[in-house]
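Notes for the one structure printed next.
The values are calculated or read from the model by the stated rules, or taken from the named source; none is laboratory data. Just so it is clear, the model here is predicted, and its values are computed rather than measured. Glycine gets a Cβ as well: all are built from the backbone with ideal geometry, and neighbour counts include every protein chain shown. Please note that ligands, DNA and RNA were not included when accessible areas were found on the heavy atoms of the full protein model with its side chains. Shrake-Rupley method; radii C 1.70, N 1.55, O 1.52, S 1.80 Å.
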2 protein chains.
Amino acid sequence: MTAEAKPASPPLTERQEARRRRILHASAQLAGRGGFEAVQMREVAEEAGVALGTLYRYFPSKIHLLVATMQDQLQHMHTTLHKRPPAGQDPAQRVADTLMRAFRALQREPHLADAMVRALTFADRSVSPEVDTVSRITTAIILDAMGLEHPTPEQLSAVRVIEHTWHSALITWLSGRASIAQVKIDIDTVCRLIDVTRPDAAKTDPTKP
Amino acid sequence: MTAEAKPASPPLTERQEARRRRILHASAQLAGRGGFEAVQMREVAEEAGVALGTLYRYFPSKIHLLVATMQDQLQHMHTTLHKRPPAGQDPAQRVADTLMRAFRALQREPHLADAMVRALTFADRSVSPEVDTVSRITTAIILDAMGLEHPTPEQLSAVRVIEHTWHSALITWLSGRASIAQVKIDIDTVCRLIDVTRPDAAKTDPTKP
DNA sequence: ATCCAGTCTGAAACTTGTTCTAGATTAGCG
DNA sequence: CGCTAATCTAGAACAAGTTTCAGACTGGAT
């Protein structure tokens, strides 16, 4: 367990917490059918039983809302994955397993995945803190799968690259430019970096043997 | 030289070609200051001396327009890179060099880069063919840098992962969540895959030695 | 030169994200 | 309880992407 996002700037009252939850639920619901464009702010507000202005007070833009939705979903996934940790022998395999499992979970709700991922990559600087939170949770998931207590800087770099690949591969799949098989290959390929960056890995780069 | 996008469905007249060019120029111009949101369809149309409806006939959406703009710019970059090929010893180094050079080129016009990359990753299925063209050009650039005649399937996978990393790292930089130094590290890290997937690479994955 | 089909223009209309405002409600506090 | 500040609601208004349409224009075939 690493980062779990609890800024809690002004502590919300119970009713407010409930409103927030209704909004996120409506967002996920609408995203579930229809994807990104089906999440229309007016509809979210109505579905959540909240005025449009209130929706905007809670989430200052559609992107903020969807990124928050992603945080929420990722958190679920993180705890779910915790219950059944990957079984693989070596770290690379476990990470690949975990990511493919997450991937299959997203596959079950492709529209929702579409909305969340599109929002995530479209987010501009004003959403950086929230996007960063998502990134931290993702990192935590990967590190959990690796099962290492003290990853080296090199390994952290590998994790970063894995995250990059994960996001980008997800996008190419969502936009229909890559098959699931292709995604698996990409994930497996990038996970090799985990082996390569093992502290005790025999150096394989003679450059001039 | 690999893929250069010449569908030329209906061959355009000279005036039409000129219009198309004016539109792309206006798009790049406006993107250059202001980024994604500064590219407003009405303004592009006016700047290009074309009616709004015409703009939409040439590019059916803002995303299409910006992705086409990216194609255009990438093509430039590809030919530019061709003139001064990277000097590094081994393929991994040459690829990393090339990508960082491209990266520095984008740094000179961060707003333009922002507009193009945001459009690229936000594109939905209706833009797949155009996005695919961008991807092919990128692949061509990387393969050129590797300088291999017949890359193995493994190496092609590595190239795919490098592309993923490139795009995603670009996004994190553009949204201010990563420094240039961080991007360089990520690029260097992922380029290791080129060595790992060398046909003659000594296997480094004993899993259980 | 004439005519047809396709293209371009200008302007209005429509959609959806976002902002704003005036009045009702709620929460915390003395 | 009664007050005050913050919050919430309903609805209008605004901004920018997209669509639509009637009429002018162009290019090519007869």
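Condition first: modelled with pLDDT of 95 or more and surrounded by fewer than 13 Cβ atoms within 10 Å (Cβ to Cβ). Now tell me which residues in region B:8-32 satisfy that.
B:Arg21 - this is the single residue of region B:8-32 that is modelled with pLDDT of 95 or more and surrounded by fewer than 13 Cβ atoms within 10 Å (Cβ to Cβ).
For region A:176-195, name all the residues that are in contact with a Lys or Arg (Cβ under 6 Å, 6 or more places away or on another chain) and either more than 7 Å from chain B (Cβ to nearest Cβ) or open to solvent by 10 Å² or more (accessible area, probe 1.4 Å) (or both).
Matches in region A:176-195: A:Gly176 only.
Output the residue which, of all residues in region A:46-82 that are within 13 Å of DNA strand D (Cβ to nearest atom) and of a type in the set (D, E, K, R), is nearest to A:Ala115 (Cα to Cα).
That would be A:Lys62.
Please tell me if B:Thr121 is at pLDDT below 95 and away from DNA strand D (no atom under 14 Å from the Cβ).
For B:Thr121, the condition - at pLDDT below 95 and away from DNA strand D (no atom under 14 Å from the Cβ) - is met.
Here is a list: A:Leu81, A:Leu52. Which entry is of a type in the set (A, V, I, L, M, F, W, C) and without any contact (Cβ under 8 Å) to a residue 12 or more places away in the chain?
A:Leu52 is the lone residue from the list that is of a type in the set (A, V, I, L, M, F, W, C) and without any contact (Cβ under 8 Å) to a residue 12 or more places away in the chain.
Out of all the residues in region A:87-98, which are open to solvent by less than 30 Å² (accessible area, probe 1.4 Å) and under 7 Å from A:Ala145 (Cα atoms)?
A:Val95, A:Thr98
Out of all the residues in region B:62-100, which are within 14 Å of another protein chain (Cβ to nearest Cβ) and within 16 Å of DNA strand C (Cβ to nearest atom)?
B:Lys62, B:Ile63, B:His64
Taking B:Phe59, is it within 16 Å of DNA strand C (Cβ to nearest atom) and touching a Leu at 6+ places or on another chain (Cβ under 6 Å)?
Yes: the conditions hold for B:Phe59.
Which count do you get for residues in region B:114-167 that are among the small types (Gly, Ala, Ser), over 28 Å from A:Glu37 (Cβ atoms) and either surrounded by fewer than 22 Cβ atoms within 10 Å (Cβ to Cβ) or more than 10 Å from chain A (Cβ to nearest Cβ) (or both)?
4
Which condition from (1) under 25 Å from B:Ala119 (Cα atoms); (2) more than 16 Å from DNA strand D (Cβ to nearest atom); (3) free of Cβ contacts under 8 Å to residues at least 24 places away in the same chain is the one that A:Gln89 breaks?
(1)
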